[in-house]
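Reading through the structure tokens given below for one structure.
The values are calculated or read from the model by the stated rules, or taken from the named source; none is laboratory data. Keep in mind that what you see is a predicted model, and the values were worked out from it rather than measured. Please note: Cβ atoms are built from the backbone with ideal geometry, for glycine as well, and neighbour counts cover all protein chains shown.
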Amino acid sequence: MVLISLIAFYPTLVLAEDVGSSPEVLGTSTAIFTAPEAISQGRALLGQYLNVYLGASAAYKFLNDPRLTLDTSVIRSGITGKGFDYFSADFGLTSSAATKDGLSYRAKNWAHFKKARAKYGVDSYYILGILRLETYFGNSSGKRSLPSTLYSIFVLDPARRNFAWRELAVFLDLAKTNGTDPFLVKSSSAGAYGIAQFIPSSVYNFAVDGSGDGKIDLFNDADAIMSVANYLNRNGWENGIDKKRAIYAYNHDNGYVSAVLAYAENIKQIIEK
């Protein structure tokens, strides 16, 4: 496992080409970065990073895998979700169907929710709220190739190049450690994956083996539930004293926080009435 080397390697390598902080880059039309020359330059730069990090042979294999594709939609679809109306009728946050599905998911996975409460102090209602918003309890966890998504962000969006490189490097290490084919993992347009929609660095920092099978799989209900609880616990939950701060750490959007709390309270009222 080479994740430890990332701590020393990442800052030096990425800061040598810190285009993301440049005002000129941030203000430049994204159309410029889809030009053939810009794509070639971005791909070459990633190749340099991968050569140092993985070795020339592994870097060549990754960059020339036929499953690695360039997706220009990440430029327009990988935007912040801030401002999304979680309370709209179309989203149906606390609709009868969404409420019924949440109660069903809770009942089905009650043993895992109970364990999460005992170990991390996080009630099931709030974990449910997060999973409702993120993937509707695993029903919509993303259809994009995760490696191709991060590769595309790196090549096409210099303002997010540091983010893409960090997440790709961590993800490739995780895949190697777990013996997983990285191209089989599907994600959102931002590179988040699993029922809980963790980006790779969050998987490394907060994901846990909730099922006890010796591996972490965020497409597994037990692992997802326990990982969300661990994330909240380590970001200020303190037995629910500061719920808002912990949920805000999960997604830096006040609307998201309000929606998670609204869904949680809806379920709580039904359960505890």
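Which ranges mark the helices (runs of 4 or more DSSP H) fully within region 212-272 that have 3 or more residues being surrounded by fewer than 18 Cβ atoms within 10 Å (Cβ to Cβ)?
243-250, 254-272
Tally time: how many residues in region 43-56 are farther than 16 Å from ARG166 by Cβ and in contact (Cβ under 8 Å) with a residue 60 or more places away in the chain? Give the steps one after another, and end with the answer.
Our first condition is that a residue be farther than 16 Å from ARG166 by Cβ; within region 43-56, this holds for 43-44, 47, 51, 55-56.
Right, trim to in contact (Cβ under 8 Å) with a residue 60 or more places away in the chain and you get 43.
Number satisfying all stated conditions: 1.
Residue check: is GLU167 outside the structural domain of TYR250 (by TED's automatic domain parsing), assigned to a helix (DSSP H, G or I) and of a type in the set (D, E, K, R)?
Answer is yes for this residue.
Out of region 84-142, which residues are among the charged types (D, E, K, R) and in the same structural domain as ALA262 (by TED's automatic domain parsing)? Explain how you work it out, then say what you get.
As a first pass, look at region 84-142 and keep what is among the charged types (D, E, K, R): 85, 90, 100-101, 106, 108, 114-115, 117, 119, 123, 132, 134.
Hits for region 84-142 are LYS100, ASP101, ARG106, LYS108, LYS114, LYS115, ARG117, LYS119, ASP123, ARG132, GLU134.
Could you please find all residues in region 183-220 being aliphatic (A, V, I, L, M) and closer than 19 Å to TYR105 by Cα?
ILE195, ALA196, LEU218
Restricting to region 175-199, name every residue that is assigned to a helix (DSSP H, G or I) and touching a residue at least 40 places away in the same chain (Cβ under 8 Å). Steps first, please.
From region 175-199, those assigned to a helix (DSSP H, G or I) are 175-178, 182-184; that's our starting set.
Passing the criteria: LYS176, THR177, PHE183.
Being out of contact with any helix residue (DSSP H, G or I) (no Cβ under 6 Å at 6 or more places or on another chain), within 30 Å of ASP71 (Cβ to Cβ) and either modelled with pLDDT under 95 or not aromatic (Phe, Trp, Tyr) (or both) narrows it down to one residue among ASP242, ASP213, ASP181, ASP217; which is it?
Working: ASP242 fails: within 30 Å of ASP71 (Cβ to Cβ); ASP213 fails: within 30 Å of ASP71 (Cβ to Cβ); ASP217 fails: out of contact with any helix residue (DSSP H, G or I) (no Cβ under 6 Å at 6 or more places or on another chain).
Unique residue meeting the criteria: ASP181.
Quick one: which helices (runs of 4 or more DSSP H) sit completely within region 39-138 and have at least 1 residues that are surrounded by fewer than 14 Cβ atoms within 10 Å (Cβ to Cβ)?
56-63, 73-77, 96-108, 110-120
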